[in-house]
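These notes concern the structure reproduced below.
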Amino acid sequence: MCYEVYLSTDSQENLTTRNSELVRFRVVDPSTDPGIRLLDYPHCWYVGSKSECSCTFRHLHSTELGFGEPVEWYPEEQDELEATRELYATLTSLLSSGHHVDLLDQWHGAQPEDITTLDVSLGDVPANAFRLFENHKFILKK
């Protein structure tokens, strides 16, 4: 089992042009997964990572620790940090261009009732502090 990250936006940008070794965008049909139906905007993307699934991003099980920069007592892989920064750059680019964006981080098999929604202002969360929370939907603002 693994994490699945999905993004929806009203932007018509082809996000596959932003694919790299660490972050890979793929168009998805919202009818294929109950969790994806929680996304608000017409253009839906699966956000894969180096591991092909979405596991190689910064994730926490809960929001208890909130957003935060890496710390010595909680080791994280360099690829996770860099992939998450690349994802953050895409999110901020879309928002700065005036588009709406939401993001869903779910454990494979999670049901819509398992998902908690958070309003997240990326203007308040620096790139190095950004991370995903399992079974949470972020409604993103700049």
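With every protein chain left in place, what is the accessible area per residue of the chain in square angstrom, probe 1.4 Å? Write down the numbers at each step before the final one.
On the way: 7040 Å² over 142 residues.
Each residue of the chain exposes 50 Å² on average to a 1.4 Å probe.
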Sticking to Cα atoms, compute the Rg of the chain to one decimal and its Dmax as the biggest Cα-Cα distance, whole number, in Å. 13.8, 41
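If you count the DSSP beta bridges with both ends in the chain, what percent of them are antiparallel, to the nearest 5?
Values: 22 of 30 bridges.
Of the beta bridges lying entirely in the chain, close to 75 percent run antiparallel.
Under a Cβ-Cβ cut-off of 9 Å, what is the net charge of the residues other than residue 35 that fall near it, where Lys and Arg count +1 and Asp and Glu count -1? Intermediate values should be presented prior to the final figure.
Values: positive: 37, 137; negative: 4, 33, 114.
Neighbour charge sum, excluding residue 35 itself: -1.
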Fraction of the pair-distance distribution of the range 53-105 above 17 Å, Cα-Cα pairs, percent: 45
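The values are calculated or read from the model by the stated rules, or taken from the named source; none is laboratory data. Keep in mind the model is a prediction, meaning the values are calculated, not measured. All Cβ positions, glycine included, derive from the backbone under ideal geometry; neighbour counts span all protein chains shown. Side chains included, ligands, DNA and RNA excluded: accessible areas come from the protein's heavy atoms. Shrake-Rupley method; radii C 1.70, N 1.55, O 1.52, S 1.80 Å.
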